[in-house]
Amino acid sequence: MTVHITARRDAASAAWFEGLTEGVLLIRRCDACGHHCRPDAEACTACESRDLRWAETVGTARVVAAVSTPGEAGSATIQALVELAEGPWLHAPVLGAAIAPPPGTALTLTILRPEDGEPFPAFTVSA
Ligand SMILES: [Zn+2]
């Protein structure tokens, strides 16, 4: 299966892409209340504090919803909304699955490193 996503870093996303380059998916953690937020959050979604810092995730998630788009020769591209172990939800591809995994399916982070763009997070169904 081929997944082709081209992403480019900017000032706001540079640290996030640097984390992926080093093999870590970063999210935002609130200094005021400890709540975890999406990587693109500018203020805490729990207490509205703007004191957010980068925090490493453990690299596991569960499927909230997934869709499968048929491709060539019986292959499929699967995109999912996933809930990270820390709580935030992200959209990400699920690799290596023949069908869209049902909600609740355990996932493990993998980081894709395209030759022509920035690394980005994807998931595989946990063994
Ligand atoms: Zn907070």
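Read-outs throughout are calculated quantities, based only on the coordinates presented, and are distinct from any laboratory measurement. These numbers were taken from a predicted model, which means no experiment stands behind them. Neighbour counts run over all protein chains shown; Cβ positions are idealised from the backbone, glycine included.
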Contour minus end-to-end for A46 and I111, with contour as 0.36 nm per residue of separation and end-to-end as the Cα-Cα distance? 20.6 nm
State, to one decimal in nm, how far the label point of V125 lies from the label point of E56, with both points 7 Å from Cα in the Cβ direction. 2.9 nm
Of R53, R38, R29, the one that fluctuates the most in a GNM where the chain has Cα springs shorter than 10 Å: R53
Least to most buried among R8, R113 (fewest other Cβ within 10 Å first): R8, R113
Is it possible to state the helix-based mean residue ellipticity at 222 nm for the chain, with each DSSP H run of 4+ residues giving -39500 (n - 2.57), the sum divided by total residues, to the nearest 500 deg cm²/dmol? What is it? -1500 deg cm²/dmol
Of E18, E83, E48, which is the most mobile in a GNM of the chain whose springs link Cα atoms less than 10 angstrom apart? E48
At 7 Å along the Cα-to-beta-carbon direction for both V64 and D31, put a label point, then send me their distance in nm to one decimal. 2.8 nm
How big is the charge dipole of the chain about its Cα centre, in debye rounded to the nearest 20, if each Lys and Arg gets +1 on its Cβ and each Asp and Glu gets -1 on its Cβ? 220 debye
Antiparallel DSSP bridges in the chain: what percent, to the nearest 5? 95 percent
